[in-house]
1. Looking only at region 77-93, filter to residues that are in contact with a helix residue (DSSP H, G or I) (Cβ under 9 Å, 6 or more places away or on another chain) and over 25 Å from residue 148 (Cβ atoms); which one of those is farthest from ligand 2 (Cβ to nearest atom)?
2. Answer yes or no: is there a residue in region 35-53 that is surrounded by fewer than 17 Cβ atoms within 10 Å (Cβ to Cβ), within 15 Å of ligand 2 (Cβ to nearest atom) and touching a residue at least 24 places away in the same chain (Cβ under 8 Å).
3. Looking at the structure I just gave you, is residue 143 at pLDDT 95 or above, within 16 Å of ligand 1 (Cβ to nearest atom) and in the same structural domain as residue 111 (by TED's automatic domain parsing)?
4. Filter region 1-34 down to residues that are under 15 Å from the mean Cα position of the chain (by Cα) and within 21 Å of residue 74 (Cβ to Cβ) and give me whichever is surrounded by the most Cβ atoms within 10 Å (Cβ to Cβ).
5. Among the numbered conditions (1) closer than 23 Å to residue 33 by Cβ; (2) touching a residue at least 40 places away in the same chain (Cβ under 8 Å), tell me where residue 189 comes up short.
6. Among 57, 100, which is the only one that is under 20 Å from the mean Cα position of the chain (by Cα), modelled with pLDDT under 95 and more than 16 Å from ligand 2 (Cβ to nearest atom)?
7. Anything in region 144-186 that is within 16 Å of ligand 2 (Cβ to nearest atom) and touching a residue at least 60 places away in the same chain (Cβ under 8 Å)? List them, or say none.
8. Suppose we keep only residues that are part of a helix (DSSP H, G or I) and over 14 Å from the mean Cα position of the chain (by Cα) within region 130-140. Which one would you say is farthest from ligand 1 (Cβ to nearest atom)?
Ligand code: COA
Ligand code: MG
C-alpha cells in the first residue's frame with residue numbers, strides 16, 4: 001500500500017480516471033470535498049458506481065462523514081468491492097465501534113470492510129492509542145488541515161511543527177499492532193519536488209504510503225514507498241547471513257548487525 005488517490009464523490013466523471021491511475025487505492029470522498037447541498041446526490045452516485053462490477057484495478061476505499069450523515073454514508077457504501085471506509089473526524093474508539101455496527105448490518109461478508117479512522121483534532125490525537133486498538137481498524141490517518149485549525153499550528157516549509165504529532169500517530173499504531181499510518185495529503189500539487197522531499201521524511205518517520213489529491217502525485221509517492229531492488233537484496237543477504245551464524249555478525253560495510261537490525265530487514269521483506 002503506497003498511494004491512495006482522493007476523488008470527490010460529487011464528481012463521478014473522475015472515478016474512471018482515478019481507477020486507471022497507478023494508485024494502489026482509489027479513495028472516494030463523501031466528506032469535505034462534497035458541498036453540503038450535494039451530499040445526498042453524491043452518496044447515491046457513489047453507491048450506484050460501487051454496485052457496478054469491476055474486474056480489476058486499484059482497491060476502493062470511501063471516506064464518510066461524521067455523525068448521522070456518516071451513518072447513511074456507511075449504509076450506502078457497505079457493498080462488495082469496498083475494502084475500507086475512512087471515518088472523517090474520528091474522536092473516539094466509541095465512534096469506531098458505532099461505525100462497525102452499521103457496517104455489520106449492511107456489509108455482504110461479515111467483518112469484510114476495514115476501518116481507517118482519520119484523526120483531525122487535539123482530542124483525536126490524544127485518543128490515538130484507543131482508536132488504533134478498536135475493532136476493524138486497519139490503519140490511522142491524520143487530517144492535518146483540520147488539526148492545524150484546531151490546535152493553532154501554522155506549518156513552516158518542512159512541517160516540523162507537526163513532527164511530534166505525526167510521531168505520536170506512528171507510535172500509537174505500532175503499539176496497537178496495526179499497519180503504519182497513511183501519510184497526510186499535500187495540497188500544493190504543482191510542486192512535485194516538495195512532495196518527494198516531504199514524503200521521504202514521512203517514510204523515515206514510520207509512515208507507509210500517502211494520500212494524494214492529484215493523479216500526478218501518485219508516481220512520486222509510489223516511488224518513495226517502493227524499495228529499490230538493491231535494498232531488498234541487501235536485506236535478504238543480511239537475514240541469510242544472520243540465520244547462518246545465529247548471533248551478532250558484520251554487514252558488508254563492516255558494521256555490527258544484531259537481532260534489532262535483522263528485525264528491520266525482515267520487516268522490509270515482509271512488506272513486499
Ligand atoms: N482523480 C482523478 N482524476 C483527476 C483528479 C483526481 N483526484 N484530479 C484531477 N484529475 C484529472 C483531471 O480531470 C484532468 O483530466 P483530463 O486531462 O482528462 O482533463 C487531469 O487529471 C489533470 O487535472 P488538472 O487540470 O491538473 O486538475 P484540476 O484543476 O482539474 O483539479 C483538483 C484539481 C485539486 C480540484 C482535483 O485534483 C481534485 O478534486 N482532487 C481531489 C480533491 C479531494 O478529493 N479532496 C478531499 C481530500 S483532501
Ligand atoms: Mg479534514
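The values are calculated or read from the model by the stated rules, or taken from the named source; none is laboratory data. Note that the structure is a prediction, hence the values are computed from the model and not measured. Reconstructed Cβ throughout: ideal geometry from the backbone, glycine too, with neighbour counts over all protein chains shown.
1. Step by step, filter region 77-93, then rank; the result is 80.
2. yes
3. Working: at pLDDT 95 or above: yes; within 16 Å of ligand 1 (Cβ to nearest atom): yes; in the same structural domain as residue 111 (by TED's automatic domain parsing): yes.
Spelling it out, residue 143 is indeed at pLDDT 95 or above, within 16 Å of ligand 1 (Cβ to nearest atom) and in the same structural domain as residue 111 (by TED's automatic domain parsing).
4. 28
5. (2)
6. 57 is the lone residue from the list that is under 20 Å from the mean Cα position of the chain (by Cα), modelled with pLDDT under 95 and more than 16 Å from ligand 2 (Cβ to nearest atom).
7. Matches in region 144-186: 182, 185.
8. To start, the set of residues in region 130-140 that are part of a helix (DSSP H, G or I) comprises 130-132.
The next check asks that each one be over 14 Å from the mean Cα position of the chain (by Cα); those that pass are 130-131.
On the way: 130: 25, 131: 20 Å.
Checking each candidate, the answer is 130.
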